[in-house]
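The values are calculated or read from the model by the stated rules, or taken from the named source; none is laboratory data. Predicted model, so just to flag it, every value in this text is computed and none were measured. Glycine gets a Cβ as well: all are built from the backbone with ideal geometry, and neighbour counts include every protein chain shown. We work out accessible area using only protein heavy atoms, side chains counted, and drop any ligands, DNA or RNA first. Shrake-Rupley method; radii C 1.70, N 1.55, O 1.52, S 1.80 Å.
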Amino acid sequence: MKKDFTNSSAALQSGAFWKVPFISLLRDDFRQNPTDVVVAAGEPAILECQPPRGHPEPTIYWKKDKVRIDDKEDRISIRGGKLMISNTRKSDAGMYTCVGTNMVGERDSDPAELTVFERPTFLRRPINQVVLEEEAVEFRCQVQGDPQPTVRWKKDDADLPRG
């Protein structure tokens, strides 16, 4: 027996269902683009984004210098729109992009730069010296860091003049 439903209440009462087309979409604009981050080596870095609205809701992955990040490394985790890098290294510096993806396609965020500075360290420290009064003395030291640190000399907590 063939049933013909001409109004929706009869169809609903009989348990009949209509197929409604599923509309997929992925908007262009990110709700939050990541921003530049500056950290010292060894500190954690967090980059954050919120992908464009979409249906189905987009998932996120991150790229560094246009290459997809492998979050299987212990220092890297991705939760929601947050990329967290613990114990940063100089090699972590670069341009990061958040990518939102669903069945419609992918959208890239604006890039954000992660800058990792290295704290100043001594390569050569000054050594104690014994000299006669009025005799010239020279203290040497060498430092490294990024950016390159400058050296200031002090005696009894007062700055010494350059030269």
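For this structure, a couple of remarks:
- A count restricted to segment 58-81 and to residues that are open to solvent by less than 80 Å² (accessible area, probe 1.4 Å), touching a residue at least 24 places away in the same chain (Cβ under 8 Å) and part of a strand (DSSP E or B) stands at 5.
- Taken over segment 34-57, residues that are over 30 Å from Thr121 (Cα atoms), open to solvent by 30 Å² or more (accessible area, probe 1.4 Å) and at pLDDT 95 or above amount to 1.
- So Val137, is it part of a loop (DSSP other than H, G, I, E, B), of a type in the set (Val, Ile, Thr), surrounded by fewer than 12 Cβ atoms within 10 Å (Cβ to Cβ) and under 34 Å from the mean Cα position of the chain (by Cα): no
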